[in-house]
Amino acid sequence: MENSLTQGNIAKSLLHFTVPLILSGMFQQVFNWVDAFIVGNAEGELALAGIGATTSIYNLFVTVMIGFTSGISVLTAQAFGMGEKERIQHILSAFSILLGGVFCVAAFFGISFAREILMILDTPAGILGIAKAYMQLLLTGIPFLAIYNSYSAVLRGIGDSKAPFLSVLVCSAANVVLDILFVIILQLGAAGAGAATTLSQIAMTLFVVLYTVRKYPPLRFRLDRRAIDRTVIRQGLRFSVPPAVQAGTTSVGNIMLQRFMNGFGEQVVAAITTAYRVDSVIILPIINFGSGIATIVAQNIGAGKPVRAKKVLRTGIIMIAFISVGLTGLVIAAGETIIRMFGLTPEPVKIGGAFFSTIAYFYIVYGFAMAMRGYLEGAGDLLFSGASGITALIVRIASSYLFVSYFDNMVIAYAEAFSWMVLLMLYLIRFLVRQKNS
């Protein structure tokens, strides 16, 4: 397992590690893009709004999972930097079992109460049935996605970011083929898109497990008494619970904001959820550079190289600044055109374009915040990072309700931008305090 990120040119290491992460993230988002694109064009605006109405619920499961496994990745990276390779196998087996089981139970309850959950969110009656069928099928794949993210987190921790990219690439291709088959040929509508995504995610999980077994024999899964190491679980929970709580709280907040947004009507739901779907892909380079900083900082902290860890942050900030400015220009120039591709009518396209014109100017703020977050999490300061994320969410929700009379449906964009500024301020203060005390 020779994937050390504790030596050599820092910018080159960041690019080498992060580019596959960006590509895998983009292809993973293709799941929802393809679903929305094909359903929107084949079935119409109501079907697209039905898919969009499930976004906040599905993201609750996914973001908690990713938040938890981000902690596993940091723990793995520090263990790798220390040369404790046997512990890495215990991390992988313990958390694959734990997360797979937890999300099996969570998916069962989500599927069982899908209609009730959507009604609580004030989902418009015209899209309730579509949203229910789509969400139930998506949640069927959640346990497999939990196992995939456990393996992916450990592989990132040891410096291998290519495996997640390869598995997502295979999966994205399968998703496109199955979407065409189920939605266009068999005319199964949004439910067909949900089934295509779930089957593709199962294929992705199988791929990453087989890849790991083949390339890293020491990481082979062993179902015995040692598979669940209590010491490893305690360490993993210390690293993983704070980001998971932050992610879960953020998702609950997004559900509240989804309900808030539903009050603007079906056209706004279709417009803003589509814009967020595009935005989630646009900002992936920023998010993944932050993850890259976290992993490289963690490996260097584990290897006893704190000075190099700080150099990683400085280099990362410069690189993220260039990326953020480039993404701002891209979105301002082409945002409305991209939204139009999803089959929306002119009014929702105009609303989505206005959303982009507002939020894009704040990408650089978000980029700096993600760089600072990456450093703090790589250094093990996950509790503060989680608390800061929750604080920013509270600010976002409060701003949405307080300023709606000033900004109408664009308040969603302004509230998010303001929360990014608060997040950056909190991370900067924490970093300066750590520097003063070190």
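Considering only GLN136, GLN235, GLN299, the Gaussian network model of the chain with Cα springs below 10 Å gives its largest mean-square fluctuation to GLN235. If R0 is 25 Å, the Cβ-Cβ spacing of MET421 and ASP122 corresponds to a FRET efficiency of close to 0.25. Think of it as helices only: each DSSP H run of n ≥ 4 in the chain is worth -39500 (n - 2.57), and spread over all residues that comes to -29000 deg cm²/dmol at 222 nm.
Values of log10 I(q)/I(0) for the stretch 61-106 across q = 0.32 Å⁻¹ run -1.13, by the Debye formula with one identical scatterer at each alpha carbon and no solvent. Probing with 1.4 Å while keeping every protein chain in the model, the per residue accessible area of the stretch 379-438 equals 52 Å².
Label the stretch 87-153 by shape, choosing from rounded, prolate and oblate, from the square roots a ≥ b ≥ c of the eigenvalues of the Cα gyration tensor; if a/c is under 1.5 it is rounded, and otherwise prolate applies when a/b is larger than b/c, oblate when it is not. Because a/c hits 1.5 or more and a/b exceeds b/c, the stretch 87-153 counts as prolate. Mean sequence separation of contacting Cα pairs (under 8 Å, at least six apart), scaled by the length of the chain, corresponds to a relative contact order of 25 percent. Projecting the Cα atoms of LEU382, ILE66, CYS171 onto the dipole axis of the chain, where Lys and Arg carry +1 and Asp and Glu carry -1 at the beta carbon, places LEU382 farthest toward the positive end.
Bridgeable lysines around LYS162 (alpha carbons under 23 Å apart, same-chain partners fewer than 8 residues away excluded): LYS12, LYS85, LYS215. With the simple model of a label 7 Å out from the Cα in the direction of the Cβ, ARG238 to LEU402 spans 3.7 nm. Backbone phi angles across the stretch 352-360, fed through the Karplus curve with coefficients 6.51, -1.76 and 1.60 (θ = phi - 60°), yield HN-Hα couplings of x, x, 5, 4, 5, 4, 7, 6, 4 Hz in residue order; Gly and Pro are listed as x. Projecting the Cα atoms of VAL325, MET410, ALA392 onto the charge dipole of the stretch 300-426, computed from C-beta unit charges around the Cα centre, puts VAL325 farthest toward the positive end. In a reduced charge model with +1 at each Lys and Arg Cβ and -1 at each Asp and Glu Cβ, the stretch 319-408 shows a dipole moment near 60 debye about its Cα centre. If a spin label sat at a point 7 angstrom from the Cα of LYS12 along the line to its beta carbon, the backbone N atoms of the stretch 273-307 nearer than 19 Å would be those of 293, 296-297, 300.
Summing Cβ point charges (Lys, Arg +1; Asp, Glu -1) relative to the Cα centre of the chain gives a dipole of roughly 1820 debye. Once you reduce the stretch 131-174 and the stretch 372-438 to the center of their Cα atoms, the two points are 27 Å from each other. Sequentially through the stretch 187-201, phi angles give Karplus couplings (6.51, -1.76, 1.60; θ = phi - 60°) of 6, 8, x, 4, 4, x, 5, x, 5, 4, 5, 5, 4, 5, 5 Hz, Gly and Pro residues having no value and appearing as x. Each label point was placed 7 Å from the Cα along the Cα-to-Cβ direction; for PHE109 and LYS436 their separation is 4.2 nm.
The values are calculated or read from the model by the stated rules, or taken from the named source; none is laboratory data. Everything numeric in this text was worked out from a predicted model, so none of it was measured. Please note: Cβ atoms are built from the backbone with ideal geometry, for glycine as well, and neighbour counts cover all protein chains shown. With ligands, DNA and RNA removed, areas are computed over all heavy atoms of the protein, side chains included. Shrake-Rupley method; radii C 1.70, N 1.55, O 1.52, S 1.80 Å.
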